[in-house]
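Asker: Got a structure for you, questions after.
The values are calculated or read from the model by the stated rules, or taken from the named source; none is laboratory data. Bear in mind that the values here come from a model prediction, so they are computed numbers and not experimental data. Glycine gets a Cβ as well: all are built from the backbone with ideal geometry, and neighbour counts include every protein chain shown. To get the accessible areas, we keep the full protein, side chains included, count just its heavy atoms, and leave off ligands, DNA and RNA. Shrake-Rupley method; radii C 1.70, N 1.55, O 1.52, S 1.80 Å.
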Amino acid sequence: MPRLILITPDGRQEVELRAQNSLGRHPNNSIQVLDRIVSKEHCTIEQRNDRFYLHDLGSLNGTYLNGERVVEDKPLKHQDEIVFGSTRAIFQDGISAAAPNSRVTMGPGVMESHIRAKLAAVAEQSFMPEKAITDVENLRRDYEKLRVSWELQRAIGLELNIDNILRKILDRAFEMLPADRGVILLHDEHNELRPRAIKQRRTDGDEEIVLSTTIINEVLRDKAAVLSNDATVDSRFHGAHSIIMQGIRSSMAVPLLHSDKLLGIMLLDSQIATNAFTEKDLQLFQNIANQAAIALENSYLAQRIEQEAVTREKFMRLLSPAIAEQVISGKVEVKKGGELRGCTVLFSDIRGFTRMSESRTPQDIVSMLNEYFELMVEIIFRHEGTLDKFVGDEIMALFGAPVAHEDDPLRAVTVALEMMRVLGEFNRTRMAEGQEPLKIGVGINSGETVAGYIGSSRALEYTVIGDTVNTASRLCGVAKAGEILIAENVFQIVKDAVEVVELPPAQVKGKSLPLKVYNVLGFKTRPMFDDRTRPGVPPASPGAVPRPPEMAPPGMMTPPRPPEGGGGPGVV
C-alpha cells in the first residue's frame, strides 16, 4: 500500500495514501499537518493511473520535492522526499517498501556539500617492487591491502549469489572497522540506487536507517570515497537533516568500481565516537570495496552467461542456428509485446494418427513421433523457418517471424515439398521393417499476423496469432494425405516457381465463403514429384499429366478427391 512517512519535530508518523490526498494545517484535509509554517490547504498527492503526483496549491512557503520547489505537477518515485514548512515526508510506493530493505531511507540534504576529505578510488590494487620499498609505512599499507584481499577472498570464495556476497562483505567490514551500521546500495534495473544489504551492530531493535543523499551524491559525482569525522558539525553537511536527525558522529561512503563502471556504493557509520574513522580506515574501506566490486562483477558475468545459455537453448529449439545467433546477439529484436508482421504459416499433421495410436503402445507412438519430428524440423531450420510448436502430431512453422525474407511464401512451399520427399524415404525404411507408412497433409497461408511473446507471466512463448494462422490450420485440416494446399494469396506469389492444380473451392470453418485452394505438385524447373503430391482429379492446367498409378511407391497413392471437395479432414 503506498504511504507517506511524515517526520516532524514531534516524531514520526506513517499515513496510508488514498487515490486523492490533501495536506495542510486545516482539519478538513485528509492528512492534517500541525505545522505553523504550512498553509491551511498546502498541497495534494493524487493517483493517476499507476503513479502518484504532487501538486502545490499555491502555498505561501512552497512545497519542495527532493530540494526543488514544485511549480508544476511532479510524479513521485519511491523514497522521494517532500518538504513543506518544517515538516519532511518520505513517499513509499508500497512495492519497493515491502522488500526486506525497506528499513533504509535515502533523504536528500538541503544544501550543497563542500569537499573536505576524500580519497580517489582505485579499482585495482597496485604494489611497489620489493627493491623500491624504503618506507616501512608503505610496506605496512601494502601488507594491509594483501591481508584484506586474502580475508575477503577466503570469505567469499567461489560464491556467486549476490545477496550472500554482500552479507559476507559487510561481516568482514565490521570485523576490520569500528562501524555501528552498514549499507550497500546497488543499481536496480532502472539504474536507481536501492539498498541490497544492511548490517547493524545492535540487534535489539528495528531501527530505520536514514541515509543522506548529500554523501551519496558526492560519491556518485566524483567516484571518490568520502570521510566525515563528525557529521553533526561538518560544514560539508550543514543543513543535511537526514544526518543531523540521527546524530551520526562519523561516516564513510565508498564507490563500488570495476573498470570505471560504478556498480553501487558502500556506507558505514558510527554513532558512538566523533573520530571513529580515520583516513587509514577510509583506505582500508576502499580496499574492501574494490574486492567487493570484483566479486559483484564476477557474479553479474556468471548470471549473464547462465541467462544467455538458457536463452540460446530456448531459441535453438525454435529457430535455425543462424537465426538463433542473430536473436541472441541482438541483431534481430524479438519484441515482448505483439507487433504486426507479414508472415507465412505452415501446418502439417499425420493422417490417421488417432487410429494408429489406438493400436500402438504410447512408447511406440512417442518414439515414432520423435523420429518423424527430427526429420521435419531439420527441413524447417534448413530453410530458416521458425518452429512455432508441436500439437500432438501437428507441426506449426513460421516463415517471416521473427526474421523475414523476401521469399518467405516460397520457402514455406519448398519446405512442404521437401517434407513429402523426406517422408517418402522415411516410409520406405518403415515399410521394410514391416511398419505402417505415415501420411501427412499440409496447409499454407500468408498474410498479416500479430507476432510476439504470448502467455502468462509464468509461461511465455513466441508465436503468431490472427486469421492468417486460422486459415492455414483449416487448409491443413481439409488436405488429404500427400496434399499441400495453399491459399490464393500464396499461389499468386509462387505461381511462377511451382506447378499446381486448382481444386474445387473449399468450405472451411470460420469462413462464410468457400476458399480458392491449390494443390502444389512440384517445382516447374525440377522433375515432378511422384503421385504423393498429386490429387486424384484431373489437373486443371494443361501439361500437368499425373503419372500412372503403378509408378508411385506402394501404399502412397492419394485416393481420388470426391467432386466438390468432399471427404473431410483426416480421410486417407
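Asker: Please compute the length gained on full extension between Lys77 and Val391, using 0.36 nm multiplied by the number of residues separating them and subtracting their Cα-Cα distance.
Answerer: Numbers: separation 314, 0.36 × 314 = 113.04 nm, distance 4.57 nm.
Stretched fully, the Lys77-Val391 segment lengthens by 108.5 nm.
Asker: Another one. Considering only protein heavy atoms, with the full assembly of protein chains and a 1.4 angstrom probe, order Phe285, Phe426 by accessible area, largest first. Before the final figure, lay out the partial values.
Answerer: On the way: Phe285 0, Phe426 25 Å².
Most to least solvent-accessible, the answer reads Phe426, Phe285.
Asker: Please compute the Kirkwood hydrodynamic radius of region 412-481 from all pairs of different C-alpha atoms, in Å with one decimal. Provide the component values of the computation, followed by the final result.
Answerer: On the way: mean 1/r = 0.0687 Å⁻¹.
Taking the inverse mean of 1/r over all distinct Cα pairs, region 412-481 comes out at 14.6 Å.
Asker: Continuing with this model, one more query. Per 0.36 nm of contour for each residue apart, how much would the distance between Leu60 and Glu14 grow if the chain were fully extended, relative to their Cα-Cα spacing? Could the numbers behind the result be given before it?
Answerer: Details: separation 46, 0.36 × 46 = 16.56 nm, distance 2.53 nm.
Stretched fully, the Leu60-Glu14 segment lengthens by 14.0 nm.
Asker: Note the full-extension length gain between Arg36 and Glu433 as 0.36 nm times their separation in residues minus their Cα-Cα distance, in nm to one decimal.
Answerer: Values: separation 397, 0.36 × 397 = 142.92 nm, distance 9.61 nm.
Length difference between fully extended and current span is 133.3 nm.
Asker: What is the pair-distance distribution P(r) of region 340-496, computed from all Cα-Cα distances in 5 Å bins starting at 0, with each bin given as a whole percent?
Answerer: Spelled out per bin, shortest first, that is 2, 9, 19, 22, 19, 14, 9, 5, 2, 0.
Asker: Hey, which of these cross-link pairs are over 18 Å Cα-Cα: Lys223/Lys261; Lys389/Lys495; Lys480/Lys524; Lys495/Lys524? Mind showing how you got there, number by number?
Answerer: Working: Lys223/Lys261 10 Å; Lys389/Lys495 28 Å; Lys480/Lys524 22 Å; Lys495/Lys524 9 Å.
Result: Lys389/Lys495; Lys480/Lys524 exceed 18 Å.
Asker: If I ignore ligands, DNA and RNA and count only protein heavy atoms, how much of His190 is accessible to a 1.4 Å probe, in Å² to the nearest 10?
Answerer: Surface open to solvent at His190 totals about 130 Å².
Asker: R0 = 22 Å: FRET efficiency of Arg48 with Ile454, Cβ-based, nearest 0.05? Mind showing how you got there, number by number?
Answerer: On the way: r = 29 Å, r/R0 = 1.33.
That gives a FRET efficiency of 0.15.
Asker: Using a 7 Å offset from the Cα along the Cα-to-Cβ direction at both Asn191 and Ser359, what is the distance between the two label points in nm, to one decimal?
Answerer: Going by the 7 Å Cα→Cβ label model, 6.6 nm.
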